[in-house]
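Right, one structure below, let's go through it.
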């Protein structure tokens, strides 16, 4: 396993981050423990979680698994989503953030969260209130770094500016969706991360399973995340996604590489990316993603793979080369 610096933090993290969304859901506690042990055996020291994953069970299971090795690990979790029916139990208000972090710390059984992500943008709360609350959590030692997921580039940049103005702790890491099937992050988010020295841990490098070899234009299994989960079904509903998947899988097999390994390696090869987030429901599903670190991705090969999917349009409508 290779290790790299997370943005400008100085923290060394493994080149793969394991996402624990399956803990307490698709993976029971015994399976979760086996997945965790295999990741540690492979050299992973970076684990991503969220308070809403399986109603808090993912945090609870991860908390039990990290006992005895907590100081060797970089642990993340998130705030935004509701954990109960209370109308104030959601969003990025100071009230919700300060309550949610205490619950996450308790479930994780730790005294601090290394990266605390705001999980979505909150239209109802002034950005200053959110950033100030996160800064206070840093000052109190409950979190080490604020981080952000699922914000637009302009929102992230605005937050960085406000943090600099007020001398608040700035976002240290971003978590965008990024895969060969979903390349929007290339337009502004990844260049922003490079310009501002932010860590980047993209989620869904396999496109929710789309790029694993199970799907194609005429290949639609009866079960799977893209079938059973309505959110994923909507996210990858376009025929273009399945055309990309088919071309990609054919390419991977022509090179003698498992499609899942190659999909993760392609995401990992972007210069802005720190560590793709991999996930699994069982050990068999995990292994190809772990093997992505063995793929020797060259710039030429990355370009060849990139040509298999549509390149997103640039951020502006003018180019001096045209």
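Taking the chain as a Gaussian network of alpha-carbon nodes connected by springs under 10 Å, the highest mean-square fluctuation of the residues 102, 29, 246 belongs to 102. Taking the C-alpha atoms only, the angle from helix 127-140 to the longest principal axis of the chain is near 70 degrees. What is the range 13-175 by shape, rounded, prolate or oblate, if you read a ≥ b ≥ c off the alpha carbon gyration tensor as root eigenvalues and call it rounded for a/c under 1.5, prolate for a/b larger than b/c, and oblate otherwise? Since a/c reaches 1.5 and a/b is larger than b/c, the shape of the range 13-175 is classed as prolate. Look at where the Cα atoms of the range 1-74 and of the range 180-208 average out, and the two centres are 21 Å apart.
Highest mean first, what order results for 154-163, 173-182 on Cβ atoms within 10 Å?
Values: 154-163: 16.3, 173-182: 24.8.
In decreasing order of mean packing, 154-163, 173-182 become 173-182, 154-163.
Given Cα pairs under 8 Å that are at least 6 residues apart, what percent is the relative contact order of the chain? The partial results should precede the final answer.
Details: 561 pairs, mean separation 56.6, N = 322.
Computed over the chain, the figure is 18 percent.
Equivalent ellipsoid semi-axes for the range 210-308, as square roots of 5 times the alpha carbon gyration tensor eigenvalues: give them largest first, rounded to whole Å. Don't jump to the answer; show the numbers that get you there.
Working: eigenvalues 96, 53, 34 Å².
Semi-axes, largest first: 22, 16, 13 Å.
Taking 0.36 nm per residue of separation and subtracting the Cα-Cα distance, full extension of the segment from residue 95 to residue 306 would add 71.6 nm.
Can you say what percent of the DSSP beta bridges in the range 13-175, counting only those with both residues inside, are antiparallel? Round to 5. Numbers along the way, then the final one.
Working: 0 of 17 bridges.
Bridges in the range 13-175 that DSSP calls antiparallel: roughly 0 percent.
Among 126-132, 2-8, 299-305, the peptide with the highest mean count of other Cβ atoms within 10 Å heads the list, and the full ranking is 126-132, 2-8, 299-305. Structure remark: mean-square fluctuation, Gaussian network model of the chain, C-alpha springs under 10 Å; the largest value among 308, 290, 190 belongs to 308. Computed extension length for residue 33-residue 103: 23.0 nm, one decimal, from 0.36 nm per residue of separation with the Cα-Cα distance subtracted.
From its DSSP helices (H runs of at least four residues, each -39,500 (n - 2.57)), the chain gives a residue-normalised ellipticity at 222 nm of -11500 deg cm²/dmol. Between helix 259-268 and the chain, what is the angle of the helix's C-alpha long axis to the longest principal axis, kept within 0 to 90° and rounded to the nearest 10? Taking the Cα atoms of the chain, the angle to 259-268 is about 50 degrees. Modelled this way, with points 7 Å down the Cα-to-C-beta line, the labels at residue 88 and residue 111 are 3.0 nm from one another. Relative to the dominant Cα principal axis of the chain, helix 153-166 is inclined by about 30°.
Estimated at 0.36 nm per residue, the fully extended path between residue 237 and residue 282 surpasses their Cα-Cα distance by 13.6 nm.
Rank by packing, highest mean first: peptides 248-256, 39-47, with packing defined as the count of other Cβ atoms within 10 Å averaged across residues. Intermediate results must be reported in sequence, preceding the final value.
Numbers: 248-256: 15.8, 39-47: 19.7.
Those peptides, ordered most packed to least, come out 39-47, 248-256.
Using C-alpha pairs under 8 Å with a sequence gap of at least 6, the mean separation divided by the residue count of the range 13-175 gives a relative contact order of 17 percent.
Counting only DSSP beta bridges with both residues in the chain, tell me the antiparallel percent, nearest 5. Please list the in-between numbers first.
Numbers: 5 of 27 bridges.
Roughly 20 percent of the beta bridges in the chain run antiparallel, per DSSP.
Hey, what did the range 1-104 get for relative contact order, percent, Cα under 8 Å, at least 6 apart? Across the range 1-104, relative contact order equals 22 percent.
Only the coordinates and a few stated rules stand behind these numbers; no lab work does. Treat the numbers as computed from the prediction; the structure is a model and nothing was measured. Because the Cβ atoms are built from the backbone with ideal geometry, glycine has one as well, and the counts that use them run over all protein chains shown.
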